[in-house]
Amino acid sequence: MPKRKNKNNIERAELVDLSSWEPKTEIGRMVKNKEITTLEQIFEMGKPIKEVEIIDVLFPGLSTKVLEIASVQRMTKNNRKQKYRVTAVVGDMNGHVGVGTAKDVEVKPAISSAIKDAKKNMVPVKLGCGSWECSCGTSHSLPLKVEGICGSSNVILKPAPRGVGIVANNVVKAVLELAGIKDIWSFSRGRTRDIYNTTLATYDAVNKINKIKNVAALKG
């Protein structure tokens, strides 16, 4: 079955047959035995995701998008080595998103590795309604203002009222859309044309909310 693609070039991944999957980690065994059914449970345990199949079980048919395919080079004693660096984003458009990168001498293996890396880096996104202009109480935006930094890129996300949409450049918008955010104000500073750093800065911003305890109390 071919991958489905919408107008924003977001692909819907194919369903993976996991009947022959033999987990190698404790988290993998718990997921296969249905002792763990959500990504939030894994985060509460404080353990990393080391098997891609864990995400395939918890989120069948994830949406994926390749943001950049860049040619990178490095010098060795013999000659110049060239590879392709791919930056990819995965998400369920309902409060979970991941960003990954990978390098390879060919484009297709680099894309596949980047998507796998993004799945291992998936994090929950705490959605809410933190805009002073909107008190609907639904999960259409973020509960508070956050800021993400990576290299020379700086991304600031502010909650917006319903109906505004995602006010951001194409890179930031792609990450937020796959995370399930529908309304947001964004401000980008620094070298914003660097897709790699801007993507990781946006990911850092939405992930910072997970490090804040009692988000509901702070909003109140």
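The values are calculated or read from the model by the stated rules, or taken from the named source; none is laboratory data. Bear in mind the structure is a predicted one, so any value in this text is a computation, not a measurement. Quick reminder, even Gly has a Cβ in these numbers, built from the backbone with ideal geometry, and neighbours come from all protein chains shown.
Does SER113 qualify as being more than 26 Å from ARG189 (Cα to Cα), surrounded by fewer than 20 Cβ atoms within 10 Å (Cβ to Cβ), of a type outside the set (Lys, Arg) and touching an Asp or Glu at 6+ places or on another chain (Cβ under 7 Å)?
Spelling it out, SER113 is indeed more than 26 Å from ARG189 (Cα to Cα), surrounded by fewer than 20 Cβ atoms within 10 Å (Cβ to Cβ), of a type outside the set (Lys, Arg) and touching an Asp or Glu at 6+ places or on another chain (Cβ under 7 Å).
For the stretch 19-68, give me every one of the helices (runs of 4 or more DSSP H) that falls completely inside it and has 3 or more residues that are modelled with pLDDT under 90 and farther than 23 Å from THR87 by Cβ.
Qualifying helices (runs of 4 or more DSSP H): 39-45.
Need pairs with beta-carbon distance below 6 Å; first residue outside the structural domain of THR192 (by TED's automatic domain parsing) and within the stretch 165-178, second surrounded by fewer than 16 Cβ atoms within 10 Å (Cβ to Cβ) and at pLDDT below 95; sequence gap 6+ or separate chains.
Here the result reads none, with nothing in the stretch 165-178 linked to a residue that is surrounded by fewer than 16 Cβ atoms within 10 Å (Cβ to Cβ) and at pLDDT below 95.
For the stretch 189-210, name all the residues that are assigned to a helix (DSSP H, G or I) and touching a Ser or Thr at 6+ places or on another chain (Cβ under 7 Å).
ILE195, TYR196, ASN197, THR198, THR199, ALA201
Looking only at the stretch 144-157, which residues are assigned to a loop (DSSP other than H, G, I, E, B) and within 14 Å of SER131 (Cβ to Cβ)?
LEU144, LYS145
Residues to consider are VAL86, VAL155, VAL105; find the one that is in the same structural domain as ILE181 (by TED's automatic domain parsing) and touching a strand residue (DSSP E or B) at 6+ places or on another chain (Cβ under 9 Å).
So the residue among VAL86, VAL155, VAL105 that is in the same structural domain as ILE181 (by TED's automatic domain parsing) and touching a strand residue (DSSP E or B) at 6+ places or on another chain (Cβ under 9 Å) is VAL155.
Would you be able to say whether some residue in the stretch 158-171 is under 14 Å from the mean Cα position of the chain (by Cα) and either surrounded by fewer than 19 Cβ atoms within 10 Å (Cβ to Cβ) or not in a strand (DSSP E or B) (or both)?
Checked against the condition, which is being under 14 Å from the mean Cα position of the chain (by Cα) and either surrounded by fewer than 19 Cβ atoms within 10 Å (Cβ to Cβ) or not in a strand (DSSP E or B) (or both), the stretch 158-171 yields at least one hit.
What about THR192, is it closer than 21 Å to ASP92 by Cβ and either modelled with pLDDT of 95 or more or not hydrophobic (A, V, I, L, M, F, W, C) (or both)?
The answer is no for THR192.
When the stretch 86-125 is examined, which residues are found to be part of a strand (DSSP E or B) and out of contact with any helix residue (DSSP H, G or I) (no Cβ under 7 Å at 6 or more places or on another chain)?
Scanning the stretch 86-125 gives no hits.
Look through LYS83, LYS32, LYS65 and report the one residue that is among the basic types (Lys, Arg) and over 22 Å from VAL99 (Cα atoms).
The conditions single out LYS32.
Could we say that GLY151 is at pLDDT below 90 and under 21 Å from ASP194 (Cα atoms) here?
Considered against the rule, which asks whether it is at pLDDT below 90 and under 21 Å from ASP194 (Cα atoms), GLY151 comes out as yes.
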